[in-house]
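Any read-out appearing in this document is the output of simple, stated calculations on the displayed coordinates, not a laboratory observation. Since this is a predicted model, take the numbers as computed values, not measurements. Here the Cβ is made from the backbone with ideal geometry for all residues, glycine too, and neighbour counts use every protein chain on show.
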Amino acid sequence: MKKIWMILGCMALVMTGCGENKADQHYESGMKYLEADDYDAAVAEFDKVVSENERLPEAYRASGIAWYEKGSYPEAIAAFQRSLNYMDDSDEEFEEDVMYYLAEARLAYGEVDKALEVYSEILKKGENPQAFFLRGKAYIGQEDYENAGKDFSRALAGCEDYDLYINIYQIYVEKNKAVDGNVYLDQALLMEPETGEDYYHRGRIYEYQNDLETAKESLISSMKLGYEDAMLLLGRVYLEMEDSASARSMYQEYLAESENGAKAYNGLALCDIYEGNYDNALANIQSGLAENDPKEKQGLLFNEIVAYEYKHDFAAAKEKMNTYLEQYPDDEEALRENEFLSTR
């Protein structure tokens with residue numbers, strides 16, 4: 001989400017010019033605070049833009065994003081609505097962008113019916129695969145599987161994006177309806193693969209379907225076509241096939257070729273845990289954390305707890321878990337693991 005709004009924010013600055021007056025200066029400052037995750041400071045700057053009575057649609061949109069990131073959903077909804085109210089009809093793309101944010105904020109606030117109305121308003125302007133997908137997802141939240149299925153079918157009309165099929169499958173899995181979701185994986189497999197990325201996604205699908213041998217074949221094809229991430233997934237597939245030596249080879253190859261090795265170190269740690277080399281696992285986890293990759297930090301820290309558990313160092317595991325839950329309080333798997341640790 002953040003990557004999208006930052007791009008749009010920069011586009012707005014380019015179109016209007018930077019530093020031309022106080023409103024521009026406060027807007028630019030607010031965007032910098034937003035990028036730095038300082039949401040209170042960002043809101044204060046966007047309020048100053050509003051006080052200048054300039055750039056109101058942009059300022060309210062950006063303020064809504066800051067409120068959303070703070071978890072203050074009523075304030076976010078109000079800001080996005082004000083952005084729409086002050087908007088003229090000259091920029092349909094910008095208006096649609098704000099409507100998506102408004103729908104997302106309403107969903108986060110539990111206003112599913114109102115979010116559905118927003119998606120329906122977007123769709124009145126024409127066929128829109130993204131809006132169909134998101135409305136279908138909202139219908140799933142209401143357990144309205146009939147309307148969800150209709151929207152997903154319209155979202156996938158003519159679609160050649162493996163990710164979209166997989167995302168729909170995962171939505172059904174979260175509702176414990178993997179069998180229903182598997183229909184979408186089968187549909188994706190009807191497409192003819194052409195690129196290394198295509199074979200990679202097919203490998204993902206076969207792994208979900210527990211067809212590990214076919215997943216391996218697809219990922220090897222992906223690697224031959226130069227798709228680097230296939231090594232990581234193939235490493236995981238090898239571990240699932242209980243072939244830790246081949247898995248380790250994949251992670252080591254990725255480590256040698258990639259600029260950021262955090263994922264590879266995490267994979268090597270999993271190999272170590274599988275083989276019972278828990279001290280080696282902890283060393284690899286520390287090497288992975290030293291890469292400072294925020295996307296991999298959570299997985300590395302969780303596996304660190306697992307390694308300490310297998311070492312039967314429950315005091316260290318509990319200490320690490322307490323720190324972990326301070327950073328990731330909503331991790332359900334960690335919460336379950338913490339219940340286990342509490343008995344040790």
Could you pull out every one of the lysines with an alpha carbon less than 16 Å from that of Lys320, ignoring same-chain neighbours closer than 8 positions?
-> Lys297, Lys311
Eligible lysines near Lys48 by straight Cα distance, threshold 23 Å, same-chain separation 8 or greater = Lys2, Lys22, Lys32, Lys70
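Let a ≥ b ≥ c be the square roots of the eigenvalues of the Cα gyration tensor of the chain; is it rounded (a/c under 1.5), or, if not, prolate (a/b larger than b/c) or oblate? Present the calculation step by step, with values, prior to reporting the outcome.
Numbers: a/c = 1.91, a/b = 1.44, b/c = 1.32.
Prolate, because a/c is 1.5 or more and a/b exceeds b/c.
Can you give the alpha-carbon Rg of region 131-218 over 2.2 N^0.38 Å, where N counts its residues?
On the way: Rg = 13.1 Å, N = 88, 2.2 N^0.38 = 12.1 Å.
Taking N as the residue count of region 131-218, the ratio is 1.08.
Starting from the Cα gyration tensor of region 259-344, take the square roots of the eigenvalues, sort them a ≥ b ≥ c, and report rounded, prolate or oblate (rounded when a/c is under 1.5, otherwise prolate if a/b is larger than b/c, else oblate). Intermediate results must be reported in sequence, preceding the final value.
Working: a/c = 2.22, a/b = 1.29, b/c = 1.72.
In terms of gyration-tensor shape, oblate.
Between Asp330 and Val112, what FRET efficiency comes out of the Förster formula 1/(1 + (r/R0)^6) with R0 = 22 Å and r the beta carbon distance, rounded to 0.05? Working shown, then result.
Working: r = 20 Å, r/R0 = 0.89.
Efficiency, from the Cβ-Cβ distance: 0.65.
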Calculate how steeply helix 22-35 sits against the longest principal axis of the alpha-carbon atoms of the chain, using the helix alpha-carbon long axis, and give the answer as 0 to 90 degrees to the nearest 10.
-> 20 degrees
Nearest 10 degrees, 0 to 90: helix 73-85 Cα axis against the chain principal axis | 50 degrees
By how many degrees, 0 to 90 and rounded to 10, does the Cα axis of helix 162-174 deviate from the longest principal axis of the chain?
-> 80 degrees
For Lys224, the lysines lying under 18 Å Cα to Cα, once residues fewer than eight places off in the same chain are dropped, come out as Lys216
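How do 109-122, 186-199 rank on mean C-beta neighbours within 10 Å, highest first? All intermediate terms of the calculation are to be shown ahead of the outcome.
Values: 109-122: 17.1, 186-199: 15.0.
Peptide ranking by packing, descending: 109-122, 186-199.
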Spin-label model distance (nm) - Arg344 vs Asn85, 7 Å beyond Cα toward Cβ | 5.5 nm
Only Cα pairs under 8 Å and at least 6 apart count here; give the relative contact order of region 89-236 as a rounded whole percent.
-> 12 percent
Stretch Ser258-Glu240 to full length: gain in nm at 0.36 nm per residue minus the Cα-Cα span?
-> 4.2 nm
For region 82-128 versus region 273-324, the gap between their alpha-carbon centres in whole angstrom = 42 Å
Mean separation of Cα contacts under 8 Å (6+ apart) over length of the chain, as relative contact order % = 6 percent
Evaluate the distance, in nm, between pseudo-label points positioned 7 Å from the Cα of Glu213 and of Glu92 along their respective Cα→Cβ axes.
-> 5.2 nm
In order through region 56-61: 3J(HN,Hα) via Karplus (6.51 cos²θ - 1.76 cosθ + 1.60), integer Hz, x for Gly, Pro | 5, x, 5, 5, 5, 4
